[in-house]
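Written out below as structure tokens is the structure these notes cover.
The values are calculated or read from the model by the stated rules, or taken from the named source; none is laboratory data. As the structure is a computational prediction, the values presented were derived from the model and not from experiment. FYI the Cβ positions are ideal-geometry reconstructions off the backbone, even for glycines, and counts take in every protein chain you see.
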Amino acid sequence: MTTRTTRPVIAGNWKMHHGPRATADFFAAFRNASEPRDDRTVVFFPPAISISGAVAAVQGRPDLLLGVQNIYWESKGAFTGEISAGMAAEAGVRFVLCGHSERRHVFGESNDDVGRKAAAAFAAGLTPVICVGETLDERRAGRLEEVLDAQIDAALEPLDADRAGAAFLAYEPVWAIGTGVNATPDDAAAAHAHLRARLRDRIAQLADQVPILYGGSVKPDNAADLLAADGVDGVLVGGASLDAAGFARIVAAGT
Ligand code: PGA
């Protein structure tokens with residue numbers, strides 16, 4: 001059994017799924033399927049257009065937390081299509097994904113951009129969930145640790161130690177995202193151990209309070225094994241978070 005300093009974090013990244021109507025339907029079903037529990041931190045990342053509906057839908061369930069999938073680092077201005085961290089906080093969310101692999105690979109976000117976004121998140125009172133992970137080519141070339149180091153170093157660079165220690169991390173190998181091929185619990189444990197060691201190099205014992213989530217093809221049937229892997233403090237679930245009953249099973253996994 002893994003040793004954790006935090007409650008397991010079970011997070012659902014809906015990506016570009018579930019508009020306002022489907023969001024209301026999801027939460028109606030999820031609230032029935034999953035009782036409040038104090039041994040888990042449960043966070044949903046709906047599309048920005050669905051956030052106000054999600055905030056309304058989780059009323060009376062303070063155990064269900066919300067985040068946005070992306071922000072821009074400026075606070076306001078002529079940035080068509082973007083939202084700021086302050087706007088997200090005002091809308092009622094507590095978290096923001098920074099540097100998800102689709103942001104990096106589809107939209108060209110750089111390691112430095114991720115750091116700017118993480119800093120903007122903290123400045124607005126949000127907690128960034130900083131996502132890192134290697135491609136299959138990078139893993140095969142033996143570059144796993146080098147790639148993770150570059151990503152984590154750039155993301156933490158603008159943060160002081162207290163803020164770095166208040167961030168969440170998600171290890172999401174690109175080859176495991178949306179492919180149905182999850183990392184094995186051993187692969188996840190090895191990557192998480194490396195990330196924890198890198199964090200300790202940067203921020204000493206504050207590193208131990210940073211939850212490190214695993215993401216990539218987490219399903220109801222493999223969630224318990226992944227959550228039991230050494231150093232895995234939670235899961236970030238994409239496709240399998242869209243179904244209320246299935247996600248409720250993941251929330252309950254490992255108990
Ligand atoms: P997946 O996505 O669970 O569909 O593989 C995970 C993620 O992108 O966060």
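Annotations for the structure displayed:
- Some residue of the stretch 101-120 being within 16 Å of the ligand (Cβ to nearest atom), of a type outside the set (Phe, Trp, Tyr), part of a strand (DSSP E or B) and in contact with a strand residue (DSSP E or B) (Cβ under 6 Å, 6 or more places away or on another chain): no
- Search result, residues across the stretch 137-152 that are within 20 Å of Leu97 (Cβ to Cβ) and surrounded by fewer than 20 Cβ atoms within 10 Å (Cβ to Cβ): Val147, Ala150
- Residues located in the stretch 153-174, provided they are closer than 22 Å to Gly12 by Cα and buried (at least 19 other Cβ atoms within 10 Å of the Cβ): Ala155, Ala167, Phe168, Leu169, Ala170, Tyr171, Glu172, Pro173, Val174
- Test: residue in the stretch 16-31 that is closer than 25 Å to Ala120 by Cα, within 16 Å of the ligand (Cβ to nearest atom) and at pLDDT 95 or above: yes
- Counted residues, the stretch 124-145 - those being among the hydroxyl-bearing types (Ser, Thr, Tyr) and assigned to a helix (DSSP H, G or I): 0
- Output for the stretch 129-141, where each listed residue is in contact with a Leu (Cβ under 8 Å, 6 or more places away or on another chain) and within 16 Å of the ligand (Cβ to nearest atom): Val129, Ile130, Cys131, Val132, Gly133, Glu134
- When the stretch 42-56 is filtered for residues that are crowded, with 17+ Cβ neighbours inside 10 Å and more than 16 Å from the ligand (Cβ to nearest atom), the ones remaining, listed by number, are Ala48, Ser50, Ile51, Gly53, Ala54.
- Filtered by the rule that a residue be touching a Leu at 6+ places or on another chain (Cβ under 9 Å), small (Gly, Ala, Ser) and within 13 Å of Ala120 (Cα to Cα), the stretch 60-85 gives a lone residue, Ala85.
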